[in-house]
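The structure appears below as C-alpha cells.
Read-outs: derived from the displayed coordinates by stated rules, not from any lab. Remember, predicted model here, so these are calculated numbers, not experimental data. We place every Cβ from the backbone using ideal geometry, glycine too, and count neighbours over all the protein chains shown.
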C-alpha cells in the first residue's frame with residue numbers, strides 16, 4: 001500500500017495510477033487523515049495467469065481401488 005498526500009497525488013496522479021498493479025492501492029491523506037483510496041481491481045486475466053486449469057493433464061496415472069477406504073488406525077472411530 002502506497003500513501004501520499006493530497007498535494008503529491010494532485011501533482012503525480014497519472015504516474016501513480018499507471019504504476020499500480022492489479023490489487024494494489026494508493027491511500028491519499030489530507031491533514032494526516034485518509035480521504036481516498038485508489039485501487040485497481042484484480043482482473044480475470046491476472047488470476048488466470050497465476051493458476052491455469054489443466055496445467056498437469058495426465059499426471060495421475062492410476063488410483064488405487066481403495067484410495068478412500070478408512071485407515072486401519074481410524075477403524076475404531078468409524079464404528
Pair residue 10, residue 77: separation of 7 Å Cα→Cβ label points (nm): 6.4 nm
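If you count, for each residue, the other Cβ atoms within 10 Å and average over each peptide, how do 25-31, 11-17, 69-75 line up from highest to lowest?
On the way: 25-31: 14.4, 11-17: 11.7, 69-75: 9.1.
Highest to lowest by the protection proxy: 25-31, 11-17, 69-75.
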